[in-house]
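Beneath this line is the structure, given in structure tokens, with notes to follow.
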Amino acid sequence: MKILIVDDKPENLYLLESLLKGSGYETISAVNGAEALGLAKKNKPDIIITDILMPVMDGYALCNECKKDSELKSIPIIFYTATYTHPKDMEFGLSLGACKFIIKPQDPEILLKDIETVLQQVNKSELPAAAPLSVDAFSLKEYNSVLIRKLEDKMVQTAENEKKLKEYISELERTLEQKRIAEEKLHKSESQLRSVWDNSFDGMRLIDDRGLIVRVNDAFCRLVEMEEADLLGNPACVFFVESDRDKVQQKLVEIMNAREIEPLIERKIHLFNGKKIWVEISNCYIDTDYGTLLLSIMRDITKKKEMVENLILAKEKAEEMNKLKSSFLANMSHELRTPLIGILGFSEILHEDTDDPEIRRLGKTIFESGKRLLSTLNSILNLSRIESGKFELKYEEINLNSLLAETVALFEEQAKAKDLFLDANIMSKVNCISCDYTLFIQVLNNLVHNAIKYTDEGGVTISVCDIPDDENYIRISVQDSGIGIKKEDFGLIWEEFRQVSEGLGRSYEGTGLGLTLTKRFIEHIHGRISFESEIGKGSVFTVEIPVRRLDN
């Protein structure tokens, strides 16, 4: 059986030829109706399978020409089309004498079955005989109507395709622009990365999963004192001293492949040339198309380490010297106290048991000077006890009214001698507290003593009050109308053996330990101390001491 296949698309011809030849049919093919008509006249086929929409001569015209030809009119024609799918298209095609109208694409088995059915009908002469057609029967009007409808469909389809093409081109242009921008950003990023790599002061090294160096920068070469050519392709630890090299290399490969390397480490490296350096190493993994790489950024911290070690040694030495100083001061204070107490006792006897005014004056001077020296020794002893950590707290019940009365009585004569007032106010709701009496009275006495010493007019006010929302602390304030403190001297008042009056011709006596001791006492019990001062107007010192409140 010979089948003539007519289609203007080579791929359609190929598919049909393959299908039909595979089923045992002989095929000939043409790309339009005119070519098919010529082939049919030369080599008459048993059946014609034709597309409709083709150049030169379409399928409808081919069918019409065949039915007009006395030699060809008996050949059964099957229309196989994907374009002419309207019911009127099918009706018109069958009216031309076609025996079958099949819509593309069709299942190969069904298509073969339809062809076989048509051929069987031909053999059995079951197909109706084709009557000669006149031009009127061809119905030019109907043919033109079908063509116009198909052209309109094609125009709509072309317009839609053009719209889609424009959208595709627009999308393609956007994609290309985005690609261009992305490439520019990538190029810029690569340039920046290259600049960082080339100009970094830190050494950078890339190694692969075998532990071999694949890239280093100039800073790394300077750090390990080797040339780039001697590093690339060699083990990551090639710059280590030979005795360490293999061991460190093996460990590095193991932890790298296990992805267990620490992100930041400090280590001492013994270089191949005998030099030893300290480095800080930042590590991170980089996954690439060629495998996992390890980036290590190394910074030379040798000088930093040396400075830290020197600081530690200096600190240890200073602490040792401070301990020696505290021990010396404690011993000296103790050794001086014993003879000094004897001097105070005899000077007091000398002052009281003689009628000679000059001897009484000298005895009083000796006694007052001895008291001042004893106070200084006590301050030094307390300071050394605090610094050595030997100052132990002893809590006992303290009545605030009695304590303030004692303080006022202690300093009343000193205040009167300078024509100053000395007031005390208790604004606390609790009269009795539990605290270390020695510490409490020492802090209060130091503050009041300083206030009177540096005040020439006005007076001093002592205030004790509660702290809102904090019952575990009590606030003590000592306010004076004295000389005040310059802002630039604020930092000096807590230093040992320093006085803000150093530039005043030493008109104010003292060791410069009072406020130092007060601050150390307060810090020792986790208290707080602060002050406000204005030159020429006076100062207010405030301490907040942790206490245990007792019922009244």
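Here are the numbers:
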item	result
Number of positions in region 40-79 that are assigned to a strand (DSSP E or B) and touching a residue at least 40 places away in the same chain (Cβ under 8 Å)	5
Those strands (runs of 3 or more DSSP E) lying entirely in region 191-295 with at least 2 residues modelled with pLDDT of 90 or more and buried (at least 18 other Cβ atoms within 10 Å of the Cβ)	203-207, 213-216, 276-288
Answer from N446, N425 - the residue that is within 16 Å of R528 (Cα to Cα) and touching a residue at least 12 places away in the same chain (Cβ under 8 Å)	N446
Residues of region 155-169 satisfying the condition of being at pLDDT 70 or above and hydrophobic (A, V, I, L, M, F, W, C)	A159, L165, I169
Residue count, region 224-252 (criterion: among the β-branched types (V, I, T) and in contact with a Pro (Cβ under 9 Å, 6 or more places away or on another chain))	0
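The values are calculated or read from the model by the stated rules, or taken from the named source; none is laboratory data. Remember, predicted model here, so these are calculated numbers, not experimental data. As a convention, Cβ positions derive from the backbone with ideal geometry for all residues, glycine included, and neighbour counts pool all protein chains shown.
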